[in-house]
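The values are calculated or read from the model by the stated rules, or taken from the named source; none is laboratory data. Just so you know, these numbers come straight off a predicted model, no measurement behind them. Don't worry about glycine lacking a Cβ; one is built from the backbone with ideal geometry, like all the others, and counts go over all protein chains shown.
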Amino acid sequence: MSAATVLETLTARGAVVTVRADVLRIEPRAVIDEPLRAEIRAHKSELLELLTTPEKPAASTCSAVFYVRAAYNATDARQFAHELFQRGAVDARQRDQLLAYAEEATR
C-alpha cells in the first residue's frame, strides 16, 4: 500500500488526518485497525510529506483561470501568466502559449 492509498483509506473511513509538529493526528482513532496501523507506521514520513507539501495547481487549471482573465483584461492576463511561471505552476512553454493567447485577445 502506498502513502496516498493509506490516506485515501483513512479518508474513506471518515478519519480526519492532520499534522502537528511532525506528529500525525488521526481522528477518530477507532477507524484504525492493526493492518492499517502498520501501514501508517511504514509510510509515516511519506504521509507527513503528503500532508505538509503545498500542492502545485494543475497547469490545465491555471490555463483555464488565465483564459477567463484574458477574456476580461489582456494586461491582467499577461501579468498573471508571468506570475504562474514564477510560482512554478506552468513551465516556460506554457507561459509563452498563455502570452500568445493574451496578445490574440487584445486584437
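Worth pointing out:
- Here I40 does not fit the description of being at pLDDT 90 or above and not in a helix (DSSP H, G or I).
- Taking every residue in region 73-101 that is polar (S, T, N, Q) and pairing it with any residue that is surrounded by 13 or more Cβ atoms within 10 Å (Cβ to Cβ) and modelled with pLDDT of 75 or more, at least 6 positions away or on another chain, yields no pair with a Cβ-Cβ distance below 6 Å.
- Only one of the listed residues (Y67, Y101, Y72) is modelled with pLDDT of 75 or more and hydroxyl-bearing (S, T, Y). That residue is Y101.
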